[in-house]
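The values are calculated or read from the model by the stated rules, or taken from the named source; none is laboratory data. Everything numeric here is computed off the predicted structure, so don't read it as measured data. Note: ideal-geometry Cβ built from the backbone for every residue, glycine included; neighbour counts use all protein chains shown.
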Amino acid sequence: MKAYIFFPLALLSFTEARHFSYKAREQWLAQETIPSNYDKRFRPPPVSDHEDGPVQVNISMYIQELSICSYRQQLIVGGYFRQFWVDPRLAMTEVEDKDETILTLGDMFVDTPIWIPDTFVVNSKNGLVSDDAPETKGRSFLRVKADGSVLGSTRFRSKLICPMSKKDTEVTCSFHVESFGAKATDISYAWKDFEADSMVVSDQAIMLLKNNGWKLIESTPVNDYVELEIGKYSRVSLNFKLEKFEGEGEETESDDL
Ligand SMILES: *[C@@H]1O[C@H](CO)[C@@H](O)[C@H](O)[C@H]1NC(C)=O
């Protein structure tokens with residue numbers, strides 16, 4: 001009986017110790033890497049003294065899940081969401097290999113010691129990561145290279161508002177991304193490798209969508225600006241054109257919509 005009691009306790013303290021040492025190591029590394037005068041409230045300055053303008057944040061996505069619910073007028077998009085930018089304040093000139101990773105942080109949304117863009121999905125009911133998509137919680141990281149380039153990567157699952165009626169056989173749903181607070185003069189978004197296909201829709205996503213009764217006709221990336229009352233904002237969008245399979249009967253619904 002005792003063995004049953006002690007075993008889980010021992011396991012618990014072991015995992016806690018591991019977690020602590022990982023966090024402690026991360027903090028120590030961050031201290032070593034991040035200059036003492038670094039202020040994460042300010043966005044990165046231009047890469048060179050001769051330049052001016054916003055910090056460029058490039059975005060790519062890998063889509064693993066697509067499903068439509070015409071009843072809820074929504075499209076679910078899930079997968080990986082990556083952001084790339086340069087923060088010259090973090091560059092380590094003494095490191096010879098500029099491509100070398102100098103810092104990796106385990107979660108890009110919790111106690112981040114460096115600046116990150118306040119990117120959000122404009123037309124999502126739940127954001128990028130959320131409680132009702134447990135697979136996205138804590139599934140992110142930040143990686144800083146010696147030249148100051150930063151990669152932020154996260155699992156995401158967004159319920160996009162997509163007005164449609166049950167009778168529609170063709171719909172266009174968009175995924176719109178902007179900064180929440182920073183105007184176009186501070187953050188400029190663009191799809192990474194705009195010409196190449198930076199938004200990869202996996203076979204798995206196509207299959208899930210097919211089982212759902214729909215087919216993806218095309219997904220078109222757009223770099224744009226929006227003029228709001230409170231200023232001009234940089235926006236990237238991905239427009240999904242979808243078509244219902246003919247004669248496939250009712251659209252099927254998954255439980256976790
Ligand atoms: C962002 O994309 C532009 C255009 O492709 C490129 O010139 C720039 O180096 C990229 N920046 C980052 C941080 O990836």
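Tabulated data for the structure shown
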read-out	value
Only listed residue being among the aromatic types (Phe, Trp, Tyr), on the phi < 0 side of the Ramachandran plot and modelled with pLDDT under 90, chosen from Phe180, Phe194	Phe194
Tally, over the stretch 198-213, of residues that are in a loop (DSSP other than H, G, I, E, B), more than 16 Å from the ligand (Cβ to nearest atom) and at negative phi	2
Strands (runs of 3 or more DSSP E) enclosed by the stretch 97-197 - at least 3 residues per element that are within 17 Å of the chain's Cα centre (by Cα)	119-121, 140-145, 149-161, 170-179, 187-191
Residue match in the stretch 214-227 (condition: in a loop (DSSP other than H, G, I, E, B) and either aliphatic (A, V, I, L, M) or over 30 Å from Ser48 (Cα atoms) (or both))	no
Complete set of residues in the stretch 55-82 that are among the polar types (S, T, N, Q), within 14 Å of the chain's Cα centre (by Cα) and farther than 22 Å from Lys137 by Cβ	Asn58
All positions within the stretch 174-196 that are more than 25 Å from Lys125 (Cβ to Cβ), within 16 Å of the ligand (Cβ to nearest atom) and not small (Gly, Ala, Ser)	Asp186, Lys192, Asp193, Phe194, Glu195
Set Phe120, Phe42: member being more than 14 Å from the ligand (Cβ to nearest atom), more than 30 Å from Cys162 (Cβ to Cβ) and modelled with pLDDT of 90 or more	Phe42
Those residues of the stretch 83-96 which are within 15 Å of the chain's Cα centre (by Cα) and crowded, with 18+ Cβ neighbours inside 10 Å, in sequence order	Gln83, Trp85
